[in-house]
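The values are calculated or read from the model by the stated rules, or taken from the named source; none is laboratory data. Predicted, not measured: the structure shown is a model, and the values here were computed from it. Note: ideal-geometry Cβ built from the backbone for every residue, glycine included; neighbour counts use all protein chains shown.
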Amino acid sequence: MSTPTANPLSAINHIVVLMLENRSFDHMLGYLYTDTGNVSPLGQPYEGLTGKESNPGASGGAPVSVFTIAPGTTSTYFMPGADPGEGYSATNAQLFGSSSAPTPPVATNTGFVSNFAAALASDAKQKRPILAGTVAADIMGMHTPQTLPVLSALARGFAVCDHWFGSAPTETLPNRAFTQAGTSLGHMDDATKSFTTPTIYAALTQKGLSWAIYGYNAEPLTRMTFPDLVSAPDANFGKFADFQAAAANGTLAGYVFLEPSWGSSGNSQHPNYDVSLGEQLIHDVYTTLRNSPVWNQTLLIVTYDEHGGCYDHVPPPTNAVPPDATAGEYGFDFKRFGPRVPTLLISPLIAAGTVFRVPDGGTPLDHTSILRTVETRWSVSPLTARDAAAPDVGKALTLTTPRTDDPLAGVTPPTSKGKNPAAGVPSHLQQVYAELVSRLPVPDAHGATQHVLPALKTEADVDRYIDERLAAWKAARAKASS
């Protein structure tokens with residue numbers, strides 16, 4: 001039954017976003033509907049895998065076809081076994097076979113195996129963790145509903161977006177900046193860790209609308225990446241347990257952004273960390289909301305910031321609207337999207353078996369569609385030209401009566417049988433977080449705020465430093481305001 005209102009989002013009072021790390025659409029959801037000829041139960045076409053997709057082998061080797069990741073092995077949840085290339089040059093190599101894009105930028109998506117071979121060589125040289133036995137062909141391994149029962153059940157049970165693209169063909173921080181602010185200010189790699197541009201949260205505050213950002217086992221990294229968040233009230237930030245409490249007692253903010261835990265032993269699903277822990281996180285976020293008094297008015301969006309070098313067969317579109325007049329690093333014009341990433345839309349107002357995408361020829365869904373959805377729901381002005389042009393996801397809400405069934409009924413999150421090859425090693429985003437908190441103005445015993453980031457050798461060292469530094473900074477803020 002169609003929603004009669006002009007804005008289907010008017011039935012939604014809580015938009016919750018969980019953004020995970022570095023996985024492509026095919027890698028996580030390519031086999032979702034292969035058993036039904038890539039057609040959903042509602043008869044909608046689904047841009048999944050047929051099993052015949054392939055890439056040329058490394059160094060002129062034989063073609064490597066996609067294959068399903070076997071369940072129940074020690075490597076199941078650590079595939080592809082190492083951290084693939086994910087920056088701008090690496091993404092170009094995966095899409096075009098060259099570190100620079102051709103003119104016009106017609107992608108063939110045939111450089112994934114070769115680029116993973118290069119990444120493996122680089123990882124070995126720099127002594128980064130690699131799962132024993134990993135080879136370049138492993139980048140063509142794809143998960144299935146059997147290995148990812150939670151993600152797959154929710155994708156089938158609500159809506160899956162099979163044409164949702166990263167905002168820029170590069171790594172994490174620029175794509176997360178697009179998610180929060182509609183622009184990366186021209187930055188195209190993780191060398192830039194803070195973005196001096198207004199966020200959606202500042203716009204919500206100006207309209208008197210509520211919002212919150214939650215980390216998992218730590219205060220959220222997102223807070224440190226934008227000046228207007230650094231200066232925002234502490235009450236707008238918390239940990240996963242705080243999110244669970246707010247949902248349970250019906251005090252959840254209107255817009256909520258959730259982070260995973262950033263450590264190599266955490267649940268972010270960054271390659272080559274334990275993907276099963278992320279399955280548990282997705283399960284816990286969903287069940288927290290479903291069991292809350294606000295469930296019938298909630299839209300949960302589960303997505304990934306970028307493809308992380310994992311294989312996808314769909315060339316990214318080239319009709320992106322540049323967010324602003326800022327010239328891009330590496331000469332990039334911001335007219336190309338990044339590769340597809342897995343994205344689910346979850347609400348009791350969404351019909352099971354929905355495949356949601358915009359009509360052919362339209363501006364596709366990307367991370368700024370999150371911004372556009374928030375802006376559309378609460379009449380907030382766009383932040384940049386990119387989110388102004390982005391479609392929102394309101395049309396996925398086709399039901400007027402909330403569903404009462406539970407697509408996760410009887411679904412148990414998987415657990416890994418293997419040993420995490422990266423456990424204990426400081427992760428890239430932990431190191432980013434440590435650098436950002438080292439810059440915070442925390443007076444020492446003499447009132448000086450100069451501080452040098454200490455050597456942090458383990459995952460636990462970084463976690464401890466971040467917690468202690470944030471606590472000292474918050475205490476100094478409280479003292480200064482008293």
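Please go through (1) in contact (Cβ under 8 Å) with a residue 24 or more places away in the chain; (2) under 30 Å from His283 (Cβ atoms) for Asn55 and return the number of the only condition it doesn't satisfy.
The failed condition is (2).
Of everything in the range 326-346, what is charged (D, E, K, R) and under 16 Å from Val160 (Cβ atoms)? Give them in sequence order. Step through it out loud before you land on a result.
Keep residues of the range 326-346 that are charged (D, E, K, R), which gives 329, 333, 335-336, 340.
Of everything in the range 326-346, just one residue is charged (D, E, K, R) and under 16 Å from Val160 (Cβ atoms), namely Arg340.
State the number of residues belonging to the range 47-69 that are farther than 22 Å from Val341 by Cβ and in a loop (DSSP other than H, G, I, E, B).
Going through the range 47-69 one residue at a time, the tally reaches 6.
If we scan the range 142-151, do we find a residue that is of a type in the set (S, T, N, Q) and under 15 Å from Gly353 (Cβ atoms)?
Restricting attention to the range 142-151, the residues satisfying the condition of being of a type in the set (S, T, N, Q) are 144, 146-147.
Among the residues that remain, those that are also under 15 Å from Gly353 (Cβ atoms) are: none.
Within the range 142-151 (the criterion being of a type in the set (S, T, N, Q) and under 15 Å from Gly353 (Cβ atoms)), the answer is no, since none of the residues qualifies.
Please determine whether any residue of the range 65-73 is of a type in the set (S, T, N, Q) and within 20 Å of Glu306 (Cβ to Cβ). Before you say what the answer is, go through the steps one by one.
Residues of the range 65-73 that are of a type in the set (S, T, N, Q), as a first pass: 65, 68, 73.
Next, from what is left, pick out any that are within 20 Å of Glu306 (Cβ to Cβ): none.
Among the residues of the range 65-73, not one is of a type in the set (S, T, N, Q) and within 20 Å of Glu306 (Cβ to Cβ), which makes the answer no.
Under the condition of being surrounded by 16 or more Cβ atoms within 10 Å (Cβ to Cβ) and more than 23 Å from Lys419 (Cβ to Cβ), which residue from the range 58-84 is modelled with the lowest pLDDT?
Filtering the range 58-84 down to residues surrounded by 16 or more Cβ atoms within 10 Å (Cβ to Cβ) leaves 58, 64, 66, 68-69, 75-84.
If we keep only those that are more than 23 Å from Lys419 (Cβ to Cβ) as well, we get 58, 64, 66.
On the way: Ala58: 93, Val64: 97, Val66: 98.
Looking at the filtered set, the residue picked out is Ala58.
For the range 362-378, how many residues meet the condition of being among the β-branched types (Val, Ile, Thr), out of contact with any strand residue (DSSP E or B) (no Cβ under 9 Å at 6 or more places or on another chain) and not in a loop (DSSP other than H, G, I, E, B)?
Step one: list which residues in the range 362-378 are among the β-branched types (Val, Ile, Thr), which gives 363, 368, 370, 373-374, 376.
This time we only want the ones that are out of contact with any strand residue (DSSP E or B) (no Cβ under 9 Å at 6 or more places or on another chain), so: 363, 368, 376.
Imposing the further condition that a residue be not in a loop (DSSP other than H, G, I, E, B) reduces the set to 368, 376.
Total satisfying the criteria: 2.
Going by the conditions given, is Ala253 in contact (Cβ under 8 Å) with a residue 24 or more places away in the chain and of a type in the set (Gly, Ala, Ser)? Explain how you work it out, then say what you get.
On the way: in contact (Cβ under 8 Å) with a residue 24 or more places away in the chain: yes; of a type in the set (Gly, Ala, Ser): yes.
Yes.
Please count how many residues of the range 281-316 are polar (S, T, N, Q) and under 22 Å from Asp366 (Cβ atoms). Lay out the reasoning, then the answer.
First, the residues of the range 281-316 that are polar (S, T, N, Q): 287-288, 291-292, 296-298, 303.
Pick out the ones that are also under 22 Å from Asp366 (Cβ atoms) and you get 303.
Residues that pass the stated criteria total 1.
Restricting to the range 188-227, give me the number of residues that are assigned to a loop (DSSP other than H, G, I, E, B) and more than 20 Å from the chain's Cα centre (by Cα). Give the derivation first.
The first filter runs over the range 188-227 and keeps only residues assigned to a loop (DSSP other than H, G, I, E, B), leaving 188-199, 207-210, 215-220, 226.
Retained after the next criterion (residues that are more than 20 Å from the chain's Cα centre (by Cα)): 196-198, 207-210.
Of the residues in the range 188-227, 7 are assigned to a loop (DSSP other than H, G, I, E, B) and more than 20 Å from the chain's Cα centre (by Cα).
Given the conditions (1) in contact with a Phe, Trp or Tyr (Cβ under 7 Å, 6 or more places away or on another chain); (2) more than 30 Å from Thr458 (Cα to Cα), report the number of the one that Ala203 does not fulfil.
(1)
Quick one: in the range 30-40, which of the residues that are of a type outside the set (Ser, Thr, Tyr) and surrounded by 14 or more Cβ atoms within 10 Å (Cβ to Cβ) is nearest to Pro315 (Cα to Cα)?
Narrowing the range 30-40 to residues of a type outside the set (Ser, Thr, Tyr): 30, 32, 35, 37-39.
From the residues that got through so far, the ones that are surrounded by 14 or more Cβ atoms within 10 Å (Cβ to Cβ) too are 30, 32, 38-39.
Numbers: Gly30: 14, Leu32: 19, Asn38: 18, Val39: 20 Å.
For the range 30-40, the residue satisfying everything is Gly30.
At pLDDT below 95, surrounded by fewer than 17 Cβ atoms within 10 Å (Cβ to Cβ) and not hydrophobic (A, V, I, L, M, F, W, C): is that true of Thr103 in this structure?
Numbers: at pLDDT below 95: yes; surrounded by fewer than 17 Cβ atoms within 10 Å (Cβ to Cβ): yes; not hydrophobic (A, V, I, L, M, F, W, C): yes.
Answer is yes for this residue.
Within the range 242-361, considering only strands (runs of 3 or more DSSP E) that don't extend past its boundaries, which have at least 2 residues that are aliphatic (A, V, I, L, M), modelled with pLDDT of 95 or more and crowded, with 24+ Cβ neighbours inside 10 Å? Let's see the steps before the verdict.
Details: elements: 255-258, 298-304, 344-346.
Hits in the range 242-361: 298-304, 344-346.
So, in the range 158-183, exactly how many residues are over 14 Å from the mean Cα position of the chain (by Cα) and surrounded by 24 or more Cβ atoms within 10 Å (Cβ to Cβ)?
Residues of the range 158-183 that are over 14 Å from the mean Cα position of the chain (by Cα), as a first pass: 158-160, 162-163, 181-183.
Those left that are additionally surrounded by 24 or more Cβ atoms within 10 Å (Cβ to Cβ): 158-160, 162, 181-183.
So the count comes out to 7.
Exactly one of these conditions fails for Ser24: (1) over 15 Å from Val113 (Cβ atoms); (2) surrounded by 23 or more Cβ atoms within 10 Å (Cβ to Cβ). Give me its number.
(1)
Identify, from the list Asp305, Asp312, the residue that is over 19 Å from Leu173 (Cα atoms) and in contact (Cβ under 8 Å) with a residue 24 or more places away in the chain.
Values: Asp305 fails: over 19 Å from Leu173 (Cα atoms).
Of Asp305, Asp312, the one residue that is over 19 Å from Leu173 (Cα atoms) and in contact (Cβ under 8 Å) with a residue 24 or more places away in the chain is Asp312.
Provide a single number: the residues in the range 344-364 that are closer than 11 Å to Lys395 by Cβ and among the aliphatic types (A, V, I, L, M). Write out each step before concluding.
Initial filter on the range 344-364 (closer than 11 Å to Lys395 by Cβ): 345, 350, 354, 356-359.
Cutting the leftovers down to among the aliphatic types (A, V, I, L, M) gives us 345, 350, 358.
Final tally of qualifying residues: 3.
Tally time: how many residues in the range 189-228 are of a type in the set (Lys, Arg), within 15 Å of Val432 (Cα to Cα) and touching a residue at least 60 places away in the same chain (Cβ under 8 Å)? Working first, answer last.
As a first pass, look at the range 189-228 and keep what is of a type in the set (Lys, Arg): 193, 207, 223.
Okay, now just the ones that are also within 15 Å of Val432 (Cα to Cα), so 193, 223.
Subsequent filtering for residues that are touching a residue at least 60 places away in the same chain (Cβ under 8 Å) retains 193.
Going through the range 189-228 one residue at a time, the tally reaches 1.
Could you tell me which of the residues Leu131, Leu120, Leu185 is at pLDDT 95 or above, on the phi > 0 side of the Ramachandran plot and of a type in the set (A, V, I, L, M, F, W, C)?
Values: Leu131 fails: on the phi > 0 side of the Ramachandran plot; Leu120 fails: on the phi > 0 side of the Ramachandran plot.
Selected residue: Leu185, the only one of Leu131, Leu120, Leu185 that is at pLDDT 95 or above, on the phi > 0 side of the Ramachandran plot and of a type in the set (A, V, I, L, M, F, W, C).
Just to be sure before I move on: is Leu151 more than 30 Å from Ser40 (Cα to Cα), buried (at least 20 other Cβ atoms within 10 Å of the Cβ), touching a residue at least 24 places away in the same chain (Cβ under 8 Å) and touching a helix residue (DSSP H, G or I) at 6+ places or on another chain (Cβ under 9 Å) in the structure I sent? Steps first, answer last, please.
Numbers: more than 30 Å from Ser40 (Cα to Cα): no; buried (at least 20 other Cβ atoms within 10 Å of the Cβ): yes; touching a residue at least 24 places away in the same chain (Cβ under 8 Å): yes; touching a helix residue (DSSP H, G or I) at 6+ places or on another chain (Cβ under 9 Å): yes.
No, not satisfied.
Whether any residue in the range 323-345 is over 30 Å from Ala191 (Cα atoms) and in contact with a strand residue (DSSP E or B) (Cβ under 9 Å, 6 or more places away or on another chain) is what I want to check. Talk me through it step by step, then tell me what you get.
First, the residues of the range 323-345 that are over 30 Å from Ala191 (Cα atoms): 345.
If we keep only those that are in contact with a strand residue (DSSP E or B) (Cβ under 9 Å, 6 or more places away or on another chain) as well, we get 345.
The answer is yes, given that some residue of the range 323-345 is over 30 Å from Ala191 (Cα atoms) and in contact with a strand residue (DSSP E or B) (Cβ under 9 Å, 6 or more places away or on another chain).
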